[in-house]
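Note sheet for the following structure.
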Amino acid sequence: MLYLLHQAVDRAAVRDPDWPALTFGPETLSYGDLAKRSNQLAHVLRELGVRKGDRVGIFASKGLCAGVGIYGAMKAGAAYVPLDPGAPIARNEQIVKDGGIRVVVTELAHRDRLIALASLTELVAAVGVSEVEGLDTRAWASVDEAAADLPAAGLVERDLAYILYTSGSTGRPKGVAHTHRSALAFAEVAAATYGFTRDDRLTNHAPLQFDLSTMDYFSAAVAGATTVIVPDAYTKFPASFSTLLEEERATVVYAVPFALIQLLLHGALDKRDLSSIRWVLFGGEPFPPKYLKTLMDRLPNATFSNVYGPTEVNGVTYWIVPPIAEGSETPIPIGRLYENVESVVVDDTGAPVSPGEPGELLIRSPTMMRGYWGRPDLDETVFEVRKVGADLDDVFFRTGDLVRQTDDGVLDFLGRGDRQIKTRGYRVELDEVEAALLHQDDVLHGAVYAVPDEQGSQAIAASAVVAPASELTADVLLDNLRKTLPAYAVPTLLELRAELPRTTTGKVDRVKLRDEAMALAKVTS
């Protein structure tokens, strides 16, 4: 039985040491090499002062370095925290400070960005670079010389394995803290549900900071399968991605609908042999049936499944998609609960609703996070103690998602109950974007809202009122926002207005703004 997340790698290394664990282009790490390399990195991190309960930043692009980094950090006793090297420095500064990160695993390519980040934070050490003023550094060559046994970190399953930062409604990112137990619970149930074996080759399309990546790495390790890491550049060029799928003989593809729609429209699928693909898993946002049906027709050997689960709870439900009728506009259900999940759908008073009635989805599961890092105030808003039996109480997570349950237990997703949206698979708090907008010089008033886009997802739109004498333009304002927000959270539409519409209570009328933006899009399309 596995108790710690990295034990999956070590067990596979004993059973099948030469089997590929990670591939990245022409590079491959076997399970034996990954176990040894992560042990060595763990020793180096321990030499740099990392101890149980610390947080280690993974400041690396997708690749073998990042894969070794996440396991090495956990083996040192720490929780790994992904830091996107391509994100605005202000974003990474917030995460490093909030997480109390003092040591990072990185690559030489990001040395200049690391220097800038170190100047703004209390980083003390880095593995993967050398000669950075103010930091105790170790080059990757020094890892090769470290001991190859597993260091004694004294971990138990309730210790933290990783923290993923998501948007925060006040402009402050929220750290979702998962334990070894919660991460393993999902990795194991997913591997069992989809029947992963050592012969499977799972594509890792999502970056480490995105929760989809945890299945790609950890469910594969549980099964002793291979994780095929998709280079960042390939995710932007669907034809390259489809070529990689063919050449790598991928068997499991897990991505957001937006990426799969791009693959369908621009991936030249008619020129590829993708017969090896047996599962296509998607989640993060609704998949328009018209695109999904066409993709299913193009990949007739594959089973398609909608996967649902907030970052805080990992996986909650899945739905195996049956054949879709021509012209169908029926939304795809989020489906049935995984075996280790219990749910209740409640109304505004917290009372369970009857099948067919809408309500908020509450979850009880071993896959649930420990809590938000350093935010007990937020924990109080999302955790709720409820009765699960006559004499037993337990903790449920309030997802904030509105659902409707059918008589036979299938869940339909109805939307968010707050101002949080999914855009191209990323979760964004519109209030965070609005806070960044209002923070800009010369912006007097502003509003951020979501509008449907042409591919069934949601786009972020914004309206702003600037000071009368200001020379600020919409383009300049967007450029300023790109310096503080992740690329996926920057509005795709921003208009400057003389004033914002208001409701009768004096609040900004975001519904009217959204409707006007949608009408304008129709006129100009």
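The values are calculated or read from the model by the stated rules, or taken from the named source; none is laboratory data. All values reported here derive from a predicted model rather than from experimental measurement. Because the Cβ atoms are built from the backbone with ideal geometry, glycine has one as well, and the counts that use them run over all protein chains shown.
Can ASP211 be described as buried (at least 24 other Cβ atoms within 10 Å of the Cβ) and among the charged types (D, E, K, R)?
Details: buried (at least 24 other Cβ atoms within 10 Å of the Cβ): yes; among the charged types (D, E, K, R): yes.
Yes; evaluated as a whole, the condition is true for this residue.
Does at least one position in the stretch 472-480 carry a residue that is in a loop (DSSP other than H, G, I, E, B) and either free of Cβ contacts under 8 Å to residues at least 12 places away in the same chain or under 28 Å from GLY309 (Cα atoms) (or both)?
Restricting attention to the stretch 472-480, the residues satisfying the condition of being in a loop (DSSP other than H, G, I, E, B) are 472-473.
From what is left, the residues that are either free of Cβ contacts under 8 Å to residues at least 12 places away in the same chain or under 28 Å from GLY309 (Cα atoms) (or both) are none.
For the stretch 472-480, residues in a loop (DSSP other than H, G, I, E, B) and either free of Cβ contacts under 8 Å to residues at least 12 places away in the same chain or under 28 Å from GLY309 (Cα atoms) (or both): absent.
Hey, any hits in the stretch 262-274 for a residue that's on the phi > 0 side of the Ramachandran plot, buried (at least 21 other Cβ atoms within 10 Å of the Cβ) and not assigned by TED's automatic domain parsing to the domain that holds PRO366? Quick ask: steps written out before the conclusion?
Filtering the stretch 262-274 down to residues on the phi > 0 side of the Ramachandran plot leaves 268.
Filter again for buried (at least 21 other Cβ atoms within 10 Å of the Cβ), leaving none.
Within the stretch 262-274, none of the residues are on the phi > 0 side of the Ramachandran plot, buried (at least 21 other Cβ atoms within 10 Å of the Cβ) and not assigned by TED's automatic domain parsing to the domain that holds PRO366.
Got at least one residue in the stretch 426-440 being surrounded by fewer than 16 Cβ atoms within 10 Å (Cβ to Cβ) and small (Gly, Ala, Ser)? Even if it seems obvious, please write down each step before you answer.
Start the filter on the stretch 426-440 by keeping residues that are surrounded by fewer than 16 Cβ atoms within 10 Å (Cβ to Cβ), which leaves 438-439.
Among the residues that remain, those that are also small (Gly, Ala, Ser) are: none.
There is no residue in the stretch 426-440 that is surrounded by fewer than 16 Cβ atoms within 10 Å (Cβ to Cβ) and small (Gly, Ala, Ser).
Would you confirm whether or not the stretch 350-362 contains a residue that is touching a strand residue (DSSP E or B) at 6+ places or on another chain (Cβ under 6 Å) and within 23 Å of GLN209 (Cα to Cα)?
Within the stretch 350-362, the first condition is being touching a strand residue (DSSP E or B) at 6+ places or on another chain (Cβ under 6 Å), and the residues that meet it are 352-353, 355, 358-362.
Going one step further and asking which of them are within 23 Å of GLN209 (Cα to Cα), we end up with none.
So far as the stretch 350-362 goes, no, none of its residues is touching a strand residue (DSSP E or B) at 6+ places or on another chain (Cβ under 6 Å) and within 23 Å of GLN209 (Cα to Cα).
Can you find even one residue in the stretch 170-178 that is hydrophobic (A, V, I, L, M, F, W, C) and closer than 30 Å to ASN314 by Cβ? Lay out the reasoning, then the answer.
Looking only at the stretch 170-178, we keep the residues that are hydrophobic (A, V, I, L, M, F, W, C), and these are 176-177.
If we keep only those that are closer than 30 Å to ASN314 by Cβ as well, we get 176-177.
Looking for residues that are hydrophobic (A, V, I, L, M, F, W, C) and closer than 30 Å to ASN314 by Cβ, one finds at least one in the stretch 170-178, hence yes.
Name every residue in the stretch 396-445 that is over 20 Å from LYS174 (Cα atoms) and β-branched (Val, Ile, Thr), in order of residue number.
Passing the criteria: VAL403, THR406, VAL410, VAL443.
Looking at ASP216, ASP149, which one is part of a helix (DSSP H, G or I) and either outside the structural domain of ALA435 (by TED's automatic domain parsing) or within 17 Å of the chain's Cα centre (by Cα) (or both)? Can you show your working first?
Numbers: ASP149 fails: part of a helix (DSSP H, G or I).
None of the others qualify; the one that does is ASP216.
Quick check on this structure: which one of GLY409, GLY374, GLY400 is part of a strand (DSSP E or B), surrounded by fewer than 19 Cβ atoms within 10 Å (Cβ to Cβ) and either of a type in the set (A, V, I, L, M, F, W, C) or on the phi > 0 side of the Ramachandran plot (or both)? Step through it out loud before you land on a result.
Numbers: GLY409 fails: part of a strand (DSSP E or B); GLY374 fails: part of a strand (DSSP E or B).
Of GLY409, GLY374, GLY400, the one residue that is part of a strand (DSSP E or B), surrounded by fewer than 19 Cβ atoms within 10 Å (Cβ to Cβ) and either of a type in the set (A, V, I, L, M, F, W, C) or on the phi > 0 side of the Ramachandran plot (or both) is GLY400.
Within the stretch 51-64, track down each residue that is closer than 16 Å to ARG138 by Cα and surrounded by fewer than 24 Cβ atoms within 10 Å (Cβ to Cβ).
If we filter the stretch 51-64 for residues that are closer than 16 Å to ARG138 by Cα, which is where we start, we get 56-60.
Residues satisfying the conditions do not exist here.
So, in the stretch 424-471, how many residues would count as being closer than 29 Å to GLY284 by Cα and either of a type in the set (Asp, Glu) or assigned to a helix (DSSP H, G or I) (or both)?
Final tally of qualifying residues: 12.
Would you mention how many residues in the stretch 244-261 are free of Cβ contacts under 8 Å to residues at least 40 places away in the same chain and assigned to a loop (DSSP other than H, G, I, E, B)?
Qualifying residue count for the region: 0.
Of all residues in the stretch 382-397, how many are in contact (Cβ under 8 Å) with a residue 60 or more places away in the chain and either over 30 Å from PRO491 (Cβ atoms) or assigned to a strand (DSSP E or B) (or both)? Let's see the steps before the verdict.
Within the stretch 382-397, the subset in contact (Cβ under 8 Å) with a residue 60 or more places away in the chain is 382, 397.
Now restrict to residues that are either over 30 Å from PRO491 (Cβ atoms) or assigned to a strand (DSSP E or B) (or both): 397.
Total satisfying the criteria: 1.
Do we find that LEU160 is touching a residue at least 40 places away in the same chain (Cβ under 8 Å), buried (at least 18 other Cβ atoms within 10 Å of the Cβ), under 26 Å from the mean Cα position of the chain (by Cα) and within 19 Å of GLY49 (Cα to Cα) in this structure?
Numbers: touching a residue at least 40 places away in the same chain (Cβ under 8 Å): yes; buried (at least 18 other Cβ atoms within 10 Å of the Cβ): yes; under 26 Å from the mean Cα position of the chain (by Cα): yes; within 19 Å of GLY49 (Cα to Cα): yes.
Criteria met by LEU160.
Output the residues belonging to the stretch 347-381 that are within 14 Å of PHE413 (Cα to Cα) and either polar (S, T, N, Q) or free of Cβ contacts under 8 Å to residues at least 40 places away in the same chain (or both).
If we filter the stretch 347-381 for residues that are within 14 Å of PHE413 (Cα to Cα), which is where we start, we get 355-362.
Result: LEU362, single match.
Check whether at least one residue in the stretch 82-100 is free of Cβ contacts under 8 Å to residues at least 24 places away in the same chain and of a type in the set (D, E, K, R), and report yes or no.
No, every residue in the stretch 82-100 fails to be free of Cβ contacts under 8 Å to residues at least 24 places away in the same chain and of a type in the set (D, E, K, R).
What number of residues in the stretch 340-371 are of a type outside the set (Lys, Arg), within 27 Å of the chain's Cα centre (by Cα) and not in a loop (DSSP other than H, G, I, E, B)? If you could, list the steps in order and put the result at the bottom.
Of the stretch 340-371, the ones of a type outside the set (Lys, Arg) are 340-363, 365-369, 371.
So of that shortlist, the ones also within 27 Å of the chain's Cα centre (by Cα) come out as 340-346, 358-363, 365-369, 371.
Filter once more, so that each one left must be not in a loop (DSSP other than H, G, I, E, B): 342-346, 358-363, 371.
Looking only at that region, the number is 12.
State whether the residues of the stretch 18-27 include one that is surrounded by fewer than 19 Cβ atoms within 10 Å (Cβ to Cβ), among the charged types (D, E, K, R) and out of contact with any helix residue (DSSP H, G or I) (no Cβ under 7 Å at 6 or more places or on another chain).
Within the stretch 18-27 (the criterion being surrounded by fewer than 19 Cβ atoms within 10 Å (Cβ to Cβ), among the charged types (D, E, K, R) and out of contact with any helix residue (DSSP H, G or I) (no Cβ under 7 Å at 6 or more places or on another chain)), the answer is no, since none of the residues qualifies.
Inspect the stretch 222-243 for any residue being modelled with pLDDT of 95 or more, touching a strand residue (DSSP E or B) at 6+ places or on another chain (Cβ under 8 Å), surrounded by fewer than 20 Cβ atoms within 10 Å (Cβ to Cβ) and in a strand (DSSP E or B) and give the result as yes or no.
For the stretch 222-243, residues modelled with pLDDT of 95 or more, touching a strand residue (DSSP E or B) at 6+ places or on another chain (Cβ under 8 Å), surrounded by fewer than 20 Cβ atoms within 10 Å (Cβ to Cβ) and in a strand (DSSP E or B): absent.
Under the condition of being assigned to a strand (DSSP E or B) and in contact (Cβ under 8 Å) with a residue 60 or more places away in the chain, which residue from the stretch 103-125 is farthest from ASN92 (Cα to Cα)?
ALA125
Among the residues of the stretch 244-269, count how many are modelled with pLDDT under 95 and acidic (Asp, Glu).
Number of matching residues: 0.
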